[in-house]
């Protein structure tokens, strides 16, 4: 009986330890505001932006969000700006859509850069297709010109060949 109770206690403490480790890992490795993992920021960081630590200290500093909510509670609603009115209404409606969950400016910059590169590649592809079409048109025009010259040359050489044949037949007849 004692062994069963001690087994349950040990299992419970083991589960609590795992839960605490998971929470500590989330606190250390995920942004509290946007929920993005640190590895995403480190991959997208170009070195100058500071990566994950800069992100959680500057852009998504959780205490700034708390200060902003407190600021709105202390400020007279008549003095709110447009964005303050919007956020205050969202807070009163318990709507958290004003918090950028799953979004971060640094990551969007990378997405914008990828979109820009995709547009440039699309433009380059379009330019290449245009050049190929233009080249094919030039080649076709040259082929047509060559064919016309060949026909013209053939037409001019046929009477000469015919005259040569007549002359050669006449020479043969004279011999």
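The table below gives the values:
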{"read-out": "Extended-chain gain in nm, criterion 0.36 nm per residue less alpha-carbon gap, residue 73 and residue 122", "value": "12.7 nm"}
{"read-out": "Computed lengthening from residue 115 to residue 64, 0.36 nm per intervening residue step minus Cα-Cα distance", "value": "15.3 nm"}
{"read-out": "Cα gyration tensor category, rounded, prolate or oblate, for region 2-123 with a/c compared to 1.5", "value": "oblate"}
{"read-out": "Distance (nanometres) between label positions extended 7 Å along Cα→Cβ at residue 3 and residue 96", "value": "4.6 nm"}
{"read-out": "Gyration tensor (alpha-carbon) shape descriptor, region 34-105, a/c threshold 1.5", "value": "prolate"}
{"read-out": "At R0 = 22 Å, FRET efficiency that the Cβ-Cβ distance of residue 53 and residue 21 yields, to 0.05", "value": "0.55"}
{"read-out": "Average Cα contact separation per residue, region 2-123, under 8 Å, 6 or more apart, as relative contact order %", "value": "25 percent"}
{"read-out": "Förster radius 35 Å - calculated FRET efficiency between residue 146 and residue 103, Cβ distance, rounded to 0.05", "value": "0.05"}
{"read-out": "Contour excess over end-to-end distance, with Cα ends at residue 80 and residue 133 and 0.36 nm allotted per residue", "value": "13.1 nm"}
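The numbers here are math on the coordinates, done by the rules we state, and not lab data. What you see is a predicted model; the values in this text were computed from it and never measured. So basically every Cβ, Gly included, is an ideal-geometry build from the backbone, and we count neighbours across all protein chains shown.
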